[in-house]
Every structure is written in structure tokens, then in C-alpha cells.
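A short write-up of the structure that comes next.
The values are calculated or read from the model by the stated rules, or taken from the named source; none is laboratory data. Just so we're clear, the structure is a prediction, and the values are computed from it rather than from any experiment. Note that we place each Cβ from the backbone using ideal geometry, even for glycine, and neighbour counts take in every protein chain shown. Ligands, DNA and RNA are excluded from the accessible area calculation, which covers all protein heavy atoms including side chains. Shrake-Rupley method; radii C 1.70, N 1.55, O 1.52, S 1.80 Å.
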Amino acid sequence: RKVVWSSRHLNSNFAVPMFNLGLEDSDPDVRETAVRAFGEFDLREAVPHVISAIRQETSVDVKTIAIICVLGKSDSEASVLGLLRLMEDAEHRVSTTAEYSLKEMKPDLVKAVATRCIEDSRTETRIRRSAVRLLGEIGDESSIFILFKAKLDLNQEIRLEADEALVKVKKKTRGQDSKDLEIKQQEIQKQQIEKWQYYLNSEEPVPRGNAVLDLSRRLNKEEALDLVNTALSDRHHYVRGHAISS
């Protein structure tokens with residue numbers, strides 16, 4: 001631990017390899033010291049190394065220190081992504097510390113990165129789920145549009161998280177102009193219906209089935225019945241199953 005800690009006084013050619021050795025040590029106290037040393041040394045240099053190390057980390061203390069001493073102190077996109085991943089950590093202390101740190105970072109940066117994660121379906125589900133939940137916790141009215149878009153997502157976990165996030169945002173914006181909010185909701189509702197109608201023609205069964213399930217809840221009863229009856233003849237059992245559920 002003493003060797004790792006004092007290495008921060010060396011130049012990066014010597015210090016960084018020493019810190020990385022500390023991050024790989026079998027003793028969590030040494031790994032924690034390496035994280036602290038990285039944070040004292042150079043945050044820009046520290047972020048990628050620390051993010052890589054904590055992916056396999058098992059110690060709650062090490063992960064918490066990584067959030068406090070490195071990721072939470074660095075206003076960078078990489079740090080935001082790392083913290084969003086840690087929001088899904090199984091340990092409550094880690095997840096809550098990550099969420100608190102994100103709320104303390106530059107709001108514009110956090111919201112911009114969270115929005116990109118939600119819109120990019122290639123991003124890990126747990127990161128996208130954290131991004132949706134975080135926007136709900138922040139409760140900014142400007143997040144309503146992206147959260148409504150998340151309700152269109154093909155991933156059910158994202159849709160459910162978006163429902164909860166919107167409830168939180170609406171509670172926090174209840175004192176604002178409700179008429180303006182209602183108009184926005186109507187516009188998004190129209191866009192949601194149009195997008196799901198597009199998915200009805202997909203070659204893949206999952207988007208078709210999800211579209212049937214969602215549209216049957218949004219359309220009027222007569223239109224919904226026509227949709228469901230047509231879906232009962234679909235070539236794939238996934239779609240027919242959702243038609244029966246609807």
C-alpha cells in the first residue's frame with residue numbers, strides 16, 4: 001500500500017503501471033489505495049483504468065471509493081457511463097453513491113449522456129435502464145420527451161422503467177403549467193401510435209407482437225379489436241400470443 005500510494009509522486013511512465021499493479025492486487029486494501037492514488041494523480045488518466053478495474057471488482061469499499069475519488073470528480077462522458085453502470089450494482093451502498101454522484105455532476109452533461117444511452121438500443125440494457133431511472137429522479141420537465149420515447153422501446157424493462165420515471169417527473173412538475181404538459185403528452189401519444197403502427201410491418205416477430213400489445217391499449221376499442229383479430233392469424237406464435245393476451 002505504501003509503495004502504491006507514494007508512486008503518485010513519480011511521472012506517469014512509472015506511476016500508472018504501479019497503480020495498475022495495485023488495482024490487480026489480491027488484497028482489497030491495496031486496490032482501494034490504488035484507486036485513491038489514481039484520483040490524486042490525474043483524473044483524465046485515472047477514469048479508463050478505474051472503470052476497467054471495477055468491472056470485475058467484488059469489494060463494496062473499493063467500488064465506493066472509485067465513485068467518490070475518481071468517477072464522481074471527473075466531469076466526463078466516460079465517468080457518467082461508468083456511474084450509470086454502477087447504479088445497477090447489487091450492493092445498495094454502491095448504487096446509491098453512484099446515483100448521488102451523478103446528481104452532483106454537471107446537469108447538462110449527465111442529461112445529454114443519459115439521453116444518448118436511452119436512444120441507442122446497442123447500449124447495455126442496465127445502463128439504459130439506469131439512464132431512464134436517473135432522469136426520473138432528476139425530475140426535469142425537459143426529460144419528458146425522451147422518457148415518452150423510452151415508452152416506445154422494444155425492451156420491456158426500458159418501457160416499465162420509463163413508466164415509473166414519468167410518474168416521478170409529473171409529480172415534480174405538477175405545480176407547472178398543466179395545460180402545456182397535457183399538450184406535450186398528446187403529441188407524444190400520437191407519435192407513439194404512429195411508431196408502433198410502423199412496427200406492425202416488421203419482419204421480426206418480437207416488434208410485431210410488442211406493437212400489437214401496446215397499440216391495443218392505446219387505440220379505441222373498435223380499432224383495437226380489428227388489430228387483435230388480424231394478429232390472431234399471424235404466422236408467428238409470439239404475435240398470436242400477444243393478440244390473445246390483448
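For region 222-230, does any single residue satisfy the condition of being touching a Ser or Thr at 6+ places or on another chain (Cβ under 8 Å) and either closer than 22 Å to LYS149 by Cα or modelled with pLDDT under 85 (or both)?
From region 222-230, those touching a Ser or Thr at 6+ places or on another chain (Cβ under 8 Å) are 224, 227-228; that's our starting set.
Going one step further and asking which of them are either closer than 22 Å to LYS149 by Cα or modelled with pLDDT under 85 (or both), we end up with 224.
Checked region 222-230: at least one residue is touching a Ser or Thr at 6+ places or on another chain (Cβ under 8 Å) and either closer than 22 Å to LYS149 by Cα or modelled with pLDDT under 85 (or both).
Since SER12 meets every condition but one in (1) touching a helix residue (DSSP H, G or I) at 6+ places or on another chain (Cβ under 8 Å); (2) under 30 Å from LYS111 (Cα atoms); (3) open to solvent by 30 Å² or more (accessible area, probe 1.4 Å); (4) hydroxyl-bearing (Ser, Thr, Tyr), which condition does it not meet?
Failing condition for SER12: (2).
Pick out, from region 199-246, the helices (runs of 4 or more DSSP H) lying fully within it that include 1 or more residues that are touching a residue at least 40 places away in the same chain (Cβ under 8 Å) and within 16 Å of GLN156 (Cα to Cα).
Values: elements: 205-218, 221-231, 237-245.
Qualifying helices (runs of 4 or more DSSP H): 205-218.
Tally up the residues in region 5-26 that are farther than 18 Å from ARG55 by Cβ and without any contact (Cβ under 8 Å) to a residue 24 or more places away in the chain, please.
Count: 8.
Suppose we filter region 61-84 for residues that are of a type in the set (A, V, I, L, M) and open to solvent by 30 Å² or more (accessible area, probe 1.4 Å); how many remain? It would help to see each step written out before you state the result.
From region 61-84, those of a type in the set (A, V, I, L, M) are 62, 65-68, 70-71, 78, 80-81, 83-84; that's our starting set.
Still in the list and also open to solvent by 30 Å² or more (accessible area, probe 1.4 Å): 68, 78, 81.
Here the count works out to 3.
Which count do you get for residues in region 164-221 that are surrounded by fewer than 17 Cβ atoms within 10 Å (Cβ to Cβ), of a type in the set (Val, Ile, Thr) and modelled with pLDDT of 85 or more?
Residues flagged as surrounded by fewer than 17 Cβ atoms within 10 Å (Cβ to Cβ), of a type in the set (Val, Ile, Thr) and modelled with pLDDT of 85 or more within region 164-221 amount to 1.
In region 31-49, what count of residues is obtained for those that are assigned to a helix (DSSP H, G or I) and over 15 Å from LYS63 (Cβ atoms)?
Filtering region 31-49 down to residues assigned to a helix (DSSP H, G or I) leaves 31-41, 43-49.
Now drop any that are not over 15 Å from LYS63 (Cβ atoms), which leaves 37, 40-41, 43-45, 48.
Summing the residues that are assigned to a helix (DSSP H, G or I) and over 15 Å from LYS63 (Cβ atoms) in region 31-49 gives 7.
So for region 70-86 (the condition being under 23 Å from LYS2 (Cβ atoms), under 21 Å from the mean Cα position of the chain (by Cα) and of a type in the set (A, V, I, L, M)), does at least one residue qualify? I'd like the intermediate steps shown before the answer.
Of the residues in region 70-86, the ones under 23 Å from LYS2 (Cβ atoms) are 70.
Now narrow it down to the ones that are under 21 Å from the mean Cα position of the chain (by Cα): 70.
Next cut, of a type in the set (A, V, I, L, M) only: 70.
For region 70-86, residues under 23 Å from LYS2 (Cβ atoms), under 21 Å from the mean Cα position of the chain (by Cα) and of a type in the set (A, V, I, L, M): present.
Is it true that GLU161 is open to solvent by 50 Å² or more (accessible area, probe 1.4 Å), under 27 Å from ARG208 (Cβ atoms) and either touching a Phe, Trp or Tyr at 6+ places or on another chain (Cβ under 6 Å) or modelled with pLDDT of 90 or more (or both)? Outline the logic, then answer.
On the way: open to solvent by 50 Å² or more (accessible area, probe 1.4 Å): no; under 27 Å from ARG208 (Cβ atoms): yes; either touching a Phe, Trp or Tyr at 6+ places or on another chain (Cβ under 6 Å) or modelled with pLDDT of 90 or more (or both): yes.
It is false that GLU161 is open to solvent by 50 Å² or more (accessible area, probe 1.4 Å), under 27 Å from ARG208 (Cβ atoms) and either touching a Phe, Trp or Tyr at 6+ places or on another chain (Cβ under 6 Å) or modelled with pLDDT of 90 or more (or both).
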